[in-house]
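Working notes, structure below.
Each value in this text was obtained by applying a stated rule to the coordinates, not by laboratory testing. Note that the structure is a prediction, hence the values are computed from the model and not measured. No Cβ is skipped: glycine too gets one built from the backbone with ideal geometry, and neighbour counts run over all protein chains shown.
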Amino acid sequence: MRAFCLVTSLFALTACATSPQAPLLAIGAPPQASDPYYQAAAAHIAAAPALEARARNVILFVGDGMGVSTITAARIYAGQSRGVDGKSYTLAMDTFPCTAMSRTYGSDSQISDSAPTATAMTAGVKTSGGVIGLTAEAPARRCAGSDAYATRSLFNIAEAQGLATGVVTTTTITHATPAATYANVAGRDWENDVRAARDGAQACADIARQLIEWPAGDGFEIALGGGRANFLPNTAADPENAEMRGARADGRNLIAEWTSREDRAFVWNRDQLAAADPDARVLGLFNPGHMAFDLERKSTRTGEPSLSEMTAAAITRLQREPTGYVLMVEGGRIDHGHHAGMAHLALADTDAFDQAIATALAMTNRDDTLIIVTADHSHVFTMAGYAARGNPILGLSAGPDGVALADDGLPYTTLGYANGPGSVFADGATPSARPNLTGVDTHAPTYRAQSLVPLGSESHAGEDVVIYAWGPGDDVVAGTLEQNMIFHIMARALGFDLR
């Protein structure tokens, strides 16, 4: 029998061991093994109960910016969107048996961005803001000498062991979270050579180049997301829109370099993805920039695949490999909806993210696949007031006596933000000048929720986020964990001995 999830101390970790440990694969220490954050996390996980059976596969789902308030509101939104009670609705992630809280701070920040948090999950270390795949000693945004601080991600390690790998996102494939699977870079903005040059980083390979030139094993079996412009020269027309050009100034067509290798394919729309050679290594770039928000994708028929469709395509491709696989799936535009103060967009993308999780659960076996669902960080997104059960989550706060009024005599929404572009104090306004929401369509996808502190882009938040786990090795997902322990949990589940 698999050990219980509720493991909260080293004493309990020792006491709960009930079976001989599965043999480990002696791999050796990665370059970041001397990092103190890495060592502390490794020691914690090493004290866990004996691993009864190794996982053949690991899937890491990252809801970018998916804090607890986002999960709760998205649960209600998903239920109400389906015509049922939102409060009692069950998300796919709600069904996972093991949960923990994740501390998301970085080595230099109380409140992190996606670069160090993704690095924590994929490489087992905490690092500085804006830094991908480097340890905390690396100076941020400094190209020279950054190679000395490079880490090896779980995806590098898996490739070296003959496992298949994949990455799926709704952002650009070169964005911070997906980039942490393959890139080592001191500036998360260096997605192409032009952006790297702005920081004087011409000597460092930009993130798009690092994906195409990734030396780990035989490379990704499948990589799907947005960001075509970062792979095309500024002289080349976009395949979908001939009026658009690539973003690269070095003349390199990285897509052509990908397809020039044997058994590699490039696709840029949903139909091409469905028709791709099942044995090919597939690079799918479905937008010059980020992919569409899920509501936009549905309403405008962009030709982009959904996150569930990309997840299914990735698992189908990776399951063809006999050695097992490691896959990351990111719901990246949850974060972008929140930054814009547009809760409807964020919640719809959270719903789409959860549907992708349901797809993975239906396509995999809990006996051999560990699935972890978590967030990189939270947002200053609030769900407040005293709305009655059944009140529309996107609507005005209302109770049995009707719409609730604040002390200024005006209605307010259940959902809001502590800061952001919807600030009621913008342009010198005073509290008494808060806009009257009577008659305003707060359900509109692009409605910008009211916030307090005026910021051009709503900010991340620093509270802990949830880790959900299901499958071999999930027993250590309990209590409150450092975010960089996720790397060690996944490595343990795969049976990797990284000492």
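Some notes on this structure:
- Projected onto its three principal axes, the C-alpha set of the stretch 381-458 covers 35, 25, 20 Å, listed from the longest axis down.
- You can think of it this way: the chain between D85 and E137 has 13.8 nm of extra reach, that is 0.36 nm per residue less the Cα-Cα gap.
- Applying both filters, DSSP loop and at most 13 other Cβ atoms within 10 Å, to the GluC sites (Glu not before Pro) of the stretch 121-223 gives E137, E213.
- All Cα pairs of the stretch 159-209, percent lying beyond 12 Å: 62 percent
- Scaling the Cα radius of gyration of the stretch 198-273 by the globular reference 2.2 N^0.38 Å produces a ratio of 1.15.
- For the chain, the alpha carbon positions stretch 66, 63, 44 Å along the principal axes, listed from largest to smallest.
- Largest-first principal axis extents of the Cα set of the stretch 333-478 (Å): 58, 34, 26
- In summary, the helical segments of the chain meeting the span-like criteria, namely a full DSSP H run, a Cα extent along the axis of 24 angstrom or more and a mean Kyte-Doolittle hydropathy of at least -0.5, are 343-363.
- Its convex hull of Cα atoms gives the stretch 228-375 a direction-averaged projected area, equal to a quarter of the hull surface, of 10.3 nm².
- Here is the list for the stretch 74-154: trypsin sites (Lys or Arg not before Pro) lying in DSSP coil, each with at most 14 other C-beta atoms within 10 angstrom of its C-beta, are R82, K87.
- Value of relative contact order over the chain, rounded to a whole percent, pairs C-alpha under 8 Å and six or more apart: 26 percent
- Segment A274-A197, length gained on full extension (0.36 nm per residue, minus Cα span): 24.0 nm
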